[in-house]
Every structure is written in C-alpha cells, then in structure tokens.
C-alpha cells in the first residue's frame, strides 16, 4: 500500500502547476544527485506529452532550469525567478547545482516533443547529462500529479514507516474510526506520528495554514494583468477593495480581524469565498508561493474554504484548522491511491473535484460532523465534478482554471451542509463508489480533454502565447 503523509498532499511551493511546474522541478533536483559535477559537459531536457503541449504555459521549462540550478520551490524568493531565468538566456549558461557553470541554450537544449507521449504517463520528461569522459547519464521521470514523481524502475524513494491504521479506501477509514471510536482527524494524528513527532506536526500544519493565509492576502492586494499573454486581469484586488470598503491593511491578521468584525449576509459571504479563491489562483498563475492542495491548479479551493471556516464560523479555532487540514489530507490520499490527482491523466475532476471533496470533508468534521458525514460530504462534492475536463486556454492555468476554484469552494461548503443534515446510512453512493467512477471516467475520457489544450474551451479560442 502506498504510504502518503498529509504533508505529501500539502506541499509549499511555486505556481502555476504541481504536475507541470513542481513535479519537473523536483525531477531536476533528483537528477542533480545522479551526475558528476566535475566532469559535466552538457545537459539536455526532453519534454513529452502534456508536459510538451502545455509546458510553456505552465512554466515547465522554467521549473526544470530552476531545479537544475539547485533552487528549492519551497524556499526560493519568488521575486528572483525572472532574474535567474533571464541570466540563463543572456549568458547562455547554467549554474548547475550552484557548483559549476556550463554552456546552456534553453532554445536548443530544452526539447518539446509535441507529437510523442510516453506510455507510462502523459507527463514525462527525460534528463540527460553528458560528461567530458563521454559518459551519459539519462533518467526519465513521470510527474503523476500533486508534485509526486515516479520513474520506470521505482516510485520516488520513501522511508517506509509503521502506520498503525493503514488506509487504502474510504471503507477502511470508516472501519478504523468505528473500531477506535475516533474522528478522522484523531485517527490521522496517530498515523502521522509514524513520520514525525506531534510537536513537528503542529508546526508544519501551522506553517501550511500561514502560507495559505498569506497567499490569500497577497492576492487580494495585487492588481494588474497576469503573465502569459492572455491579458487576464486580476479580480481579487477590486473584489476585496469593494468588500472592505476601500480600507487598506498592512498585515494579514489586521485584515482578518476586520473581516471577522463585519456583519455579512449570504451574498457577502459568497463574494468573500470567491474572492479568497480568486486571490490564491491569481498568485498561482503569477509564479507565486502557494500550497499544493492537492495540486497547484486547484490550490485556491481549500484555502477559500478554510478562510470561510476561520472567519465566518463560531466554532472556528486553531485546533479546528489543524484538524481540517488533517482530514482533508487523508481524503486526498485516498483519491490518489484509488484514482488520480493528475489532470493530464483524469481531467479537471482530478484536481478541482478532489480539492472540493477534501475541503468538504475537512469542513464537515470541523463543524461537528461524524466520519460518515465527512466522507458523505466528500462524495457529494466529487459526484458533482465527475467528468470535468481540463482545457486550459493557451496552456495557461488561468482560463477556466481560476474561476473553477471558486466553484469548487462553493460546492464544498454546500456538500458539507447537505451531509451535516443527512443520514449517511441512507446514502446510495459511497465515497469509494465515486472514486471508482471517477477513475473509469478518466480512462474513458478523450485525451484531448486531459491538459493538452487541444479540446474544450482551449480549442474554441485561438491565442498565441509567448514564452513565459
């Protein structure tokens, strides 16, 4: 059984895509461990399938170069990205692993194989290192969604741990919860300690929440046009300004306290949730720092629903936020094990659909729902995303991706409310049923609707996207 920590599902990194940016970036980092720096003469990058077809729009070429230079997506100052890439173009050289500078022309040594897809996965890249001795080091990586990487030989290396309550399917999760008489997040607190002590879990959960909150705040306070050539205008800034009556805040906590003080009705609540989701995904589209949840393209759903819980729920607490993330992370891992979280494999149902299901489950437990109701909420949310295609215009994570995050957030809140007022025993469809249906739909879905920009909305609007 695949072992997945909540911190494998939630990763701090850089937009715009977990599979097309974060994954290739990580592959490049791993490849640095395979090469001999002192004898290195040349590097080549070969992109296949969806990584080739939408690689420019997703910044795949940029991510690989940053990874080969030794930058880490969690810690790189995002304001330095443009400068680092421009330096490569101007000097036609790459400072590999911050240790050796070699000649490198991105236009020649990053090859987009638009007409070739490798059998193992549509998101594939091959990295080649040629040494002065004539030695060739070559490795093919598959970016399988959510920043996860595999190879032809084995999955990415992982430390096997002794998980007390192993879970593959939702039914098993409910079995353990019933046997131990605990909630989902309580069970996860036990499992997660197989990887790290409880104090570290607290710190990492709080870091994820703080990163999400800061991302929402940045997105709500930045205006302008998103990069990439579509001339998409940022909307969260104006929405936030209108809802905040033009007030300006220097710190996120002051802004949060102000929103909490407002007497908001149903319409204003919907606007705030949409604003939160827009803000995150506008940051994501701009190579900003986001939390993969479970992907970058869907990174606005869970922060928006968490903000809804933290700002508009009387029950809200820091402990509740931690428990939300734990519950959501476990639901995300079940989807990854039973289906996919890669849009290139399963369409947008694998991204927005999964994130909406995760958020619905997390919110349900935080609002007092039992494990059965939490998984019922996850099932309802995914049920109404089944079949959603991935058709980014120009290969950019902007249209329709940004707005879809608002829809996913609202659906998650609705699914939670339905589940909290329902008896799961009367439900005809289980979470496992919907996960299996999702996978069958993914298998049957035409390839052009899987993050290729060859079908759906992407085929209706003709655009020329310059290099990002």
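The values are calculated or read from the model by the stated rules, or taken from the named source; none is laboratory data. Predicted model only: the values in this text are computed from it and were never measured. Because the Cβ atoms are built from the backbone with ideal geometry, glycine has one as well, and the counts that use them run over all protein chains shown.
Conditions: (1) at pLDDT 95 or above; (2) under 20 Å from residue 18 (Cβ atoms). Residue 86 meets all but one. Number of the miss?
Looking at each condition in turn, residue 86 falls short on (2).
Please work out if residue 76 is assigned to a loop (DSSP other than H, G, I, E, B) and farther than 27 Å from residue 452 by Cβ.
Considered against the rule, which asks whether it is assigned to a loop (DSSP other than H, G, I, E, B) and farther than 27 Å from residue 452 by Cβ, residue 76 comes out as yes.
Listed here are the residues, each with its yes/no results for (1) more than 20 Å from the chain's Cα centre (by Cα); (2) more than 30 Å from residue 214 (Cα to Cα); (3) touching a residue at least 12 places away in the same chain (Cβ under 8 Å); (4) surrounded by 15 or more Cβ atoms within 10 Å (Cβ to Cβ).
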residue	(1), (2), (3), (4)
74	no, no, yes, no
119	yes, yes, no, no
122	no, yes, yes, yes
141	no, yes, yes, yes
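Does the stretch 20-27 contain at least one residue that is more than 19 Å from residue 293 (Cα to Cα), touching a strand residue (DSSP E or B) at 6+ places or on another chain (Cβ under 9 Å) and modelled with pLDDT of 95 or more?
yes
In the list 163, 190, 184, 208, which residue meets the criterion of being farther than 27 Å from residue 395 by Cα and within 20 Å of the chain's Cα centre (by Cα)?
208
Take residue 448 and tell me if it is touching a helix residue (DSSP H, G or I) at 6+ places or on another chain (Cβ under 9 Å) and closer than 25 Å to residue 55 by Cβ.
yes
Within the stretch 82-107, can you find the residues that are outside any strand (DSSP E or B), in contact with a strand residue (DSSP E or B) (Cβ under 9 Å, 6 or more places away or on another chain) and free of Cβ contacts under 8 Å to residues at least 12 places away in the same chain?
Matches in the stretch 82-107: 87, 91.
What are the residues in the stretch 130-142 that are modelled with pLDDT under 95 and in contact with a helix residue (DSSP H, G or I) (Cβ under 6 Å, 6 or more places away or on another chain), if any?
If the condition is that a residue be modelled with pLDDT under 95 and in contact with a helix residue (DSSP H, G or I) (Cβ under 6 Å, 6 or more places away or on another chain), then 131, 132, 133 are the ones that fit.
Could we say that residue 448 is surrounded by fewer than 21 Cβ atoms within 10 Å (Cβ to Cβ), without any contact (Cβ under 8 Å) to a residue 60 or more places away in the chain and over 22 Å from residue 293 (Cβ atoms) here?
So residue 448 fits the description; yes.
Looking only at the stretch 363-386, count every residue that is touching a residue at least 40 places away in the same chain (Cβ under 8 Å) and assigned to a helix (DSSP H, G or I) and tell me the total.
15
Can you work out which of the residues in the stretch 31-50 that are touching a residue at least 40 places away in the same chain (Cβ under 8 Å) and out of contact with any strand residue (DSSP E or B) (no Cβ under 7 Å at 6 or more places or on another chain) is surrounded by the most Cβ atoms within 10 Å (Cβ to Cβ)?
32
Restricting attention to the stretch 164-188, which residues are crowded, with 16+ Cβ neighbours inside 10 Å and assigned to a helix (DSSP H, G or I)?
Passing the criteria: 170, 173, 174, 176, 177, 184, 185, 186, 187, 188.
One line per residue, one yes/no per condition, for (1) in the same structural domain as residue 54 (by TED's automatic domain parsing); (2) in contact (Cβ under 8 Å) with a residue 60 or more places away in the chain; (3) under 20 Å from residue 283 (Cα atoms); (4) not in a helix (DSSP H, G or I):
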site	(1), (2), (3), (4)
355	no, yes, yes, no
358	no, yes, no, no
361	no, yes, no, no
407	no, no, yes, no
413	no, yes, no, no
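Looking at the stretch 222-241, is at least one residue surrounded by fewer than 17 Cβ atoms within 10 Å (Cβ to Cβ) and in a helix (DSSP H, G or I)?
yes
When the stretch 253-271 is examined, which residues are found to be surrounded by 14 or more Cβ atoms within 10 Å (Cβ to Cβ) and in contact (Cβ under 8 Å) with a residue 40 or more places away in the chain?
256, 259, 264, 269, 270
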